[in-house]
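Asks: There's a structure below that I have some questions on.
The values are calculated or read from the model by the stated rules, or taken from the named source; none is laboratory data. Nothing here was measured: the structure is a model prediction, and the numbers come from that model. Cβ atoms come from the backbone with ideal geometry, glycine included; neighbour counts cover every protein chain shown. Accessible surface is based on the protein model in full, side chains and every heavy atom, while ligands, DNA and RNA are left aside. Shrake-Rupley method; radii C 1.70, N 1.55, O 1.52, S 1.80 Å.
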Amino acid sequence: MTALRRDAGESSTGGSTDRRRTEGTERIDDGDSVVYRTVLPGGLRVITESLPAVRSASCGIWAGVGSRDEDVRHAGATHYLEHLLFKGTARRSALDISAAIDAVGGELNAFTAKEYTCYYARVLDADLPLAINVLSDMVTGSLLEPNEVEAERAVILEETRSRATRSPSTTSRSTARRTWSSRPPDAWITTRSSR
């Protein structure tokens, strides 16, 4: 959707805009579907698209923080936090988070990119309120318990080792290091293997 990509600060005429603070709803029609962009009073941007012929629904929360925002000392912190948000909230244990979405045949996942982190769910349309509730709880109410922080360290380190053996990933990281040598190229913990 070209129109949504322009939302990052570029207007259709090429000029810079600051659309992040404008409250209200904007209709974006790209020919195939209609998308609505709503900005709530607190600045939260909500993008919705309705496809009446489809019974599934997807929702996601994109945090504007990724691996490029990390200094060398904190390389991997964003990805680490991504994992920790699945470990429980004041209202739900890790098992409760997983079971809530699994019980309706949905999918709950996340990923960390260089410029953002995304937490998302895919469910049937009737279960969208549940998915939004679970995601919102994870992002705003995670406990970040010390025992979970330590337990997740091994998972992250194993992902790091696994990723290092994949040739396309290694080539991509090598190119990024040469191009952007002053910043850590990705969000993986690389500084130590154990405490």
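Asks: List every residue pair whose Cβ atoms sit under 8 Å apart, with the two residues 6 or more apart in sequence or on different chains, where the first one lies in the stretch 130-156 and is in a strand (DSSP E or B) and the second, anywhere, is open to solvent by 50 Å² or more (accessible area, probe 1.4 Å) and of a type outside the set (Phe, Trp, Tyr).
Replies: 142/87
Asks: Let me ask another. If I ask for residues that are small (Gly, Ala, Ser), at pLDDT 70 or above and part of a loop (DSSP other than H, G, I, E, B), which ones from the stretch 1-32 would you list?
Replies: The answer is 31, and nothing else.
Asks: A further question on this structure: Of all residues in the stretch 57-109, how many are in a strand (DSSP E or B) and open to solvent by less than 20 Å² (accessible area, probe 1.4 Å)?
Replies: Total satisfying the criteria: 3.
Asks: Can you tell me which residue among 35, 54 is among the hydrophobic types (A, V, I, L, M, F, W, C) and either part of a loop (DSSP other than H, G, I, E, B) or closer than 15 Å to residue 138 by Cβ (or both)?
Replies: Exactly one of 35, 54 is among the hydrophobic types (A, V, I, L, M, F, W, C) and either part of a loop (DSSP other than H, G, I, E, B) or closer than 15 Å to residue 138 by Cβ (or both), namely 54.
Asks: What tally of residues in the stretch 33-55 results from selecting those that are under 23 Å from the mean Cα position of the chain (by Cα) and at pLDDT 85 or above?
Replies: Qualifying residue count for the region: 12.
Asks: Report, by residue number, each residue of the stretch 111-134 that is β-branched (Val, Ile, Thr) and either open to solvent by 50 Å² or more (accessible area, probe 1.4 Å) or farther than 25 Å from residue 80 by Cα (or both).
Replies: If the condition is that a residue be β-branched (Val, Ile, Thr) and either open to solvent by 50 Å² or more (accessible area, probe 1.4 Å) or farther than 25 Å from residue 80 by Cα (or both), then 123, 132 are the ones that fit.
Asks: Oh, and also: Has the stretch 62-77 got at least one residue that is over 30 Å from residue 153 (Cβ atoms) and out of contact with any Gly (no Cβ under 9 Å at 6 or more places or on another chain)?
Replies: No.
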